Amino acid sequence: MKVSARMAVVALAAVLALTVAASHPAAAEGFIGGGGFDLRYWAPDVTEVNAALQKAGMPTLSGGMMMYGGGGLGGELKGLRFGGFGTGGDITATNGDLKSILSFGFGGSTFEYGWPVNDVFTLSTGVALGFGGMDLTTIHAKPGDLQDALKTPVETHLSRFAVVAEPSVAVSARLAPFFVLRLQAGYLAPWFVGSWTTTAGQDLGRDITLKPGPSVALSFVFGASGTGEMPQ
């Protein structure tokens, strides 16, 4: 997926930068930082997309979207934190040779406020702000060979740009000096900008969109501390 490839670059940069920062903590007590990867489940409203697919005779989508990505976060143990992230995934529906694929990916910055409950658990609330996009791919047949694929197009690919916000609450558990498990619940809301475009750049209007929905993410964070005292 084109979008998720761009988001992976954002995530990798954030992970490297903040993991290095975490391994060289500031002198002030209560600084935390780290990076890692996450698994995210998002349940968007695909009603409009499904209506268009059904009208075109294509398989309709069901279920949520599994998303894979990563990022990093740094700041005060009790106070403000900031970081970067990237994630992406897709939903696929198949009926014989017909296939519909809805892909979505985004990346950007994270801002949150956190406070420790005890030496193990930390609570936080914040918002992720970024940009990304939605890709809708429909496959109409399986070509017999290369010449058949070149002569008779079998795939349509459409894209649309989005601005994204995801408010959330999270609980983190420090399971080891340099490992934290984080569970987050949020509401992922994309605002689509501009028209659907083909691979050739042709505008096709703004009639169909993807609506917001709840999200849950499980993050595996390395190089972070869950207490006011950083590991030596």
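Here are the numbers for the structure shown:
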item	result
Some residue of the stretch 102-113 being of a type in the set (A, V, I, L, M) and without any contact (Cβ under 8 Å) to a residue 40 or more places away in the chain	no
Any chance Ala43 is at pLDDT 90 or above, over 24 Å from Val117 (Cα atoms) and out of contact with any strand residue (DSSP E or B) (no Cβ under 8 Å at 6 or more places or on another chain)	no
Criterion (within 29 Å of Ser62 (Cα to Cα), surrounded by 13 or more Cβ atoms within 10 Å (Cβ to Cβ) and touching a His at 6+ places or on another chain (Cβ under 8 Å)) met by exactly one of Val154, Val216, Val163	Val154
Options Ala51, Ala5; residue that is at pLDDT 50 or above, in a helix (DSSP H, G or I), loosely packed, with under 15 Cβ neighbours inside 10 Å and not acidic (Asp, Glu)	Ala51
Among (1) over 29 Å from Asp207 (Cα atoms); (2) of a type outside the set (Phe, Trp, Tyr); (3) touching a residue at least 60 places away in the same chain (Cβ under 8 Å) - the single one Gly133 does not satisfy	(1)
Residue in the stretch 20-33 that is outside any strand (DSSP E or B) and crowded, with 22+ Cβ neighbours inside 10 Å present	yes
Unmet criterion (only one of (1) in contact with a Lys or Arg (Cβ under 6 Å, 6 or more places away or on another chain); (2) more than 18 Å from Ala43 (Cα to Cα)) for Thr87	(2)
The stretch 70-115, residues that are part of a strand (DSSP E or B), more than 24 Å from the chain's Cα centre (by Cα) and either crowded, with 19+ Cβ neighbours inside 10 Å or hydrophobic (A, V, I, L, M, F, W, C) (or both)	Leu98, Trp115
Index of the failed condition, Phe121 passing every other in (1) of a type in the set (A, V, I, L, M, F, W, C); (2) surrounded by 14 or more Cβ atoms within 10 Å (Cβ to Cβ); (3) modelled with pLDDT of 90 or more	(2)
Options Ala185, Ala189, Ala200; residue that is exposed (fewer than 14 other Cβ atoms within 10 Å of the Cβ), small (Gly, Ala, Ser) and in contact with a Pro (Cβ under 8 Å, 6 or more places away or on another chain)	Ala185
Search result, residues across the stretch 166-179 that are surrounded by 17 or more Cβ atoms within 10 Å (Cβ to Cβ) and either at pLDDT 95 or above or over 23 Å from Pro214 (Cβ atoms) (or both)	Glu166, Ser168, Ala170, Arg174
Failed item, numbered, when Asp119 is tested on (1) in a strand (DSSP E or B); (2) under 17 Å from Leu181 (Cα atoms)	(1)
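The values are calculated or read from the model by the stated rules, or taken from the named source; none is laboratory data. Computed from a predicted model, the values in this text were never measured in an experiment. Glycine gets a Cβ as well: all are built from the backbone with ideal geometry, and neighbour counts include every protein chain shown.
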